[in-house]
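Input: a single structure, listed below in structure tokens.
The values are calculated or read from the model by the stated rules, or taken from the named source; none is laboratory data. Computed from a predicted structure; not experimentally measured. Here Cβ is always computed from backbone atoms with ideal geometry, including for glycine, and neighbour counts include all displayed protein chains.
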Amino acid sequence: MIKRILVALDPDSDTPVATRFAIRLAQRFDASLTGLAVVDISNIHSVIGVGGHGAEISGRQIWAEMAEDTREVAEKLLKNFKNSVEKANVRYRDIKKHGASYEVIIEEMKYHDILIIGRDSHFFYNQPEKDTKTLAKVVKGGEAPTLVVTDEYRDVERIMVAFDGSSPAVRTLKGFVHLLPYGKDIEIEIVHVAEGSSIEQMDKASSILKQAENYLKEHNFSYVTKVVLDSGSPGERILARQIEKNPDLLLLGAHSVSAFRRETFGSTTHYMITQTKGALFLSR
């Protein structure tokens with residue numbers, strides 16, 4: 001059950017959509033919302049550079065101005081969030097914290113049931129186009145599932161589950177079932193990208209899908225179908241199916257690239273986040 005929802009606020013156009021998704025969930029579960037704005041000024045030194053004594057004085061002035069600009073953006077984000085949730089008559093708190101954005105969000109995730117965040121998340125408020133990799137870091141390091149939204153809101157009635165039987169895919173499926181964010185009277189399509197076209201490979205794909213189907217049906221999800229997709233790039237195959245079927249939500253496990261780049265997603269997850277046509281439910 002969902003009782004506490006965290007919304008990460010940033011200046012992109014998908015933040016109001018994230019707030020709307022959060023409000024609908026809060027209304028469904030009588031849950032409370034937390035709007036979090038992070039004053040992350042850790043990038044300012046790299047922006048102003050290093051110089052001599054005169055440049056140092058100038059740099060301090062620029063630093064102070066950029067820091068103040070960042071705080072003003074945070075205050076505006078919190079004001080917009082507050083206005084939206086008060087209109088919806090939803091319980092909430094709005095908080096502003098200082099620090100590295102991903103570290104602050106991960107800490108707050110410990111005490112929330114789900115994080116809702118925009119896909120185009122840029123938490124250096126003074127450099128709105130700079131990619132902070134915050135999204136990847138919080139999904140990989142957070143203690144709660146993450147709902148990643150685009151700039152389009154939808155009521156969720158039909159979902160697609162990209163399922164390969166891996167631990168991240170299983171955790172994502174189980175996290176969704178246990179939270180039960182959209183009830184059980186939803187249409188679910190489970191898809192698996194085959195590794196090849198041999199009888200053995202197709203039997204393996206069917207077996208993986210059957211396991212997921214049985215799990216969902218044991219939890220009383222009645223409208224479940226399953227599809228084996230032709231072998232190929234998993235990201236491309238899943239995206240093509242998403243475009244064809246147009247589900248309201250896609251469930252996806254987050255995979256690491258390697259131990260040396262834990263801040264990034266695996267290739268399939270990264271591809272889907274950048275190309276997705278709708279919201280994603282992710283778990284590490």
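Whether a residue is in contact with a Ser or Thr (Cβ under 6 Å, 6 or more places away or on another chain), at negative phi and either buried (at least 16 other Cβ atoms within 10 Å of the Cβ) or without any contact (Cβ under 8 Å) to a residue 40 or more places away in the chain (or both) was assessed, and Thr150 does not pass this test.
Take the conditions (1) surrounded by 16 or more Cβ atoms within 10 Å (Cβ to Cβ); (2) of a type in the set (Gly, Ala, Ser); (3) modelled with pLDDT under 95; (4) assigned to a helix (DSSP H, G or I); Ala212 misses just one of them, which is (3). If you go through the range 85-114 and keep only what is surrounded by fewer than 19 Cβ atoms within 10 Å (Cβ to Cβ), of a type outside the set (D, E, K, R) and on the phi < 0 side of the Ramachandran plot, you end up with Ala88, Ile95, His98, Ala100, Tyr111. Here is the figure for the range 228-242: residues that are touching a His at 6+ places or on another chain (Cβ under 9 Å) and either surrounded by fewer than 14 Cβ atoms within 10 Å (Cβ to Cβ) or in contact (Cβ under 8 Å) with a residue 40 or more places away in the chain (or both) total 1.
Considering each residue of the range 221-234 in turn, at least one proves to be assigned to a helix (DSSP H, G or I), of a type outside the set (A, V, I, L, M) and at pLDDT below 95. Among the residues of the range 249-258, is there at least one that is surrounded by fewer than 20 Cβ atoms within 10 Å (Cβ to Cβ), over 24 Å from Gly118 (Cβ atoms) and modelled with pLDDT under 95? For the range 249-258, residues surrounded by fewer than 20 Cβ atoms within 10 Å (Cβ to Cβ), over 24 Å from Gly118 (Cβ atoms) and modelled with pLDDT under 95: present.
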